[in-house]
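Report on one structure; see the data block that follows.
The values are calculated or read from the model by the stated rules, or taken from the named source; none is laboratory data. In this text, all values refer to a predicted model and were calculated from it rather than measured experimentally. Every residue, glycine as well, gets a Cβ built from its backbone with ideal geometry; the counts of neighbours run over all protein chains shown. Each accessible area value is taken on the protein alone, full model and side chains, heavy atoms only, with ligands, DNA and RNA left out. Shrake-Rupley method; radii C 1.70, N 1.55, O 1.52, S 1.80 Å.
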Amino acid sequence: MLQRGSGSTDELKPEQQLALLHACAEKRSLSALRRSHRLLSSSTSSHGIAAPVLLTLATLYIKLGAHGDARRVLTVPKKKPAAAERRAAAYAKVAELHDQIRAAGYVPDTRHVVHDVNEAAKARALMHHSERLAIAFGLVSTPPGTPLRVIKNLRICGDCHNAVKLIAKVTGREIVVRDNKRFHHFGKDGVCSCGDYW
Ligand SMILES: [Zn+2]
Ligand SMILES: [Zn+2]
């Protein structure tokens with residue numbers, strides 16, 4: 001089976017895969033077992049090696065004294081929790097939006113940042129205002145064209161108001177921000193229903 005090379009195990013049933021592994025064990029050949037392992041990995045890449053086969057593989061590795069290989073076989077790669085993934089995607093989206101609206105004429109109004117830091121840091125601070133993170137989160141979590149609604153306990157700051165107008169425009173999304181004073185309907189045309197008086 002090994003001579004036939006990679007891809008040849010496509011049609012192997014799990015019991016045949018096990019037979020292949022057992023043959024390696026009988027020969028007490030670690031190199032043949034490793035080759036079989038590679039062969040199984042490459043021919044089952046889409047769904048991975050079946051659990052019973054993996055378990056046999058680990059057992060045989062241990063029998064042949066290759067404890068490191070056994071451990072690697074049994075270590076399941078850790079998945080990032082979905083929420084953490086989307087959070088990371090939202091931060092990436094904030095940065096991407098920032099570039100897009102900059103290109104569309106946005107100039108950060110750093111009067112809305114009180115910290116005593118340089119201009120670049122102030123622009124970054126504005127970029128991460130809660131409503132913009134919430135909008136970015138909404139953008140990465142919903143299908144294109146879905147209107148977004150954001151509720152904010154404080155009054156939306158002037159810089160975010162400017163930024164969200166452009167975000168609505170560049171993304172082609174209607175965005176509604178309800179702050180503690182009123183509703184702001186940001187249209188795809190880049191205009192807010194409040195007429196910039198609020
Ligand atoms: Zn703001
Ligand atoms: Zn408004």
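Here are the numbers:
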{"read-out": "³J(HN,Hα) computed for each position of region 145-153 - Karplus, 6.51 cos²θ - 1.76 cosθ + 1.60, integer Hz, glycine/proline x", "value": "x, 5, x, 10, 10, 10, 10, 10, 6"}
{"read-out": "Carbon/sulfur fraction of accessible area - the chain, other protein chains in place, 1.4 Å, %", "value": "55 percent"}
{"read-out": "Accessible surface, region 40-198, averaged per residue in Å² (probe 1.4 Å)", "value": "59 Å²"}
{"read-out": "Overall Cα dimensions of region 47-198, principal axis frame, Å, largest first", "value": "77, 37, 30"}
{"read-out": "Label-point separation, Arg182 to Ala82 (7 Å along Cα→Cβ), nm", "value": "3.9 nm"}
{"read-out": "Proximal lysine pairs, the chain, alpha carbons under 19 Å, eight or more residues apart or interchain", "value": "11"}
{"read-out": "Electrostatic dipole magnitude of region 90-198 [Cβ: Lys, Arg +1; Asp, Glu -1; Cα centre; debye, to 20]", "value": "300 debye"}
{"read-out": "For the chain, calculated [θ]222 nm from helices alone, where every DSSP H run of n ≥ 4 adds -39500 (n - 2.57)", "value": "-17000 deg cm²/dmol"}
{"read-out": "Of all DSSP beta bridges in the chain, antiparallel share, percent nearest 5", "value": "55 percent"}
{"read-out": "For Arg149, distant residues with modelled amide H under 5 Å away", "value": "Val176"}
{"read-out": "Student exercise, the chain dipole from Lys, Arg, Asp, Glu Cβ charges, in Debye to nearest 20", "value": "460 debye"}
{"read-out": "Note, ³J(HN,Hα) from phi for region 172-178, Karplus 6.51, -1.76, 1.60, rounded to Hz, x at Gly and Pro", "value": "x, 10, 7, 10, 10, 10, 9"}
{"read-out": "Mean separation of Cα contacts under 8 Å, 6 or more apart, over the residue count of the chain: relative contact order %", "value": "13 percent"}
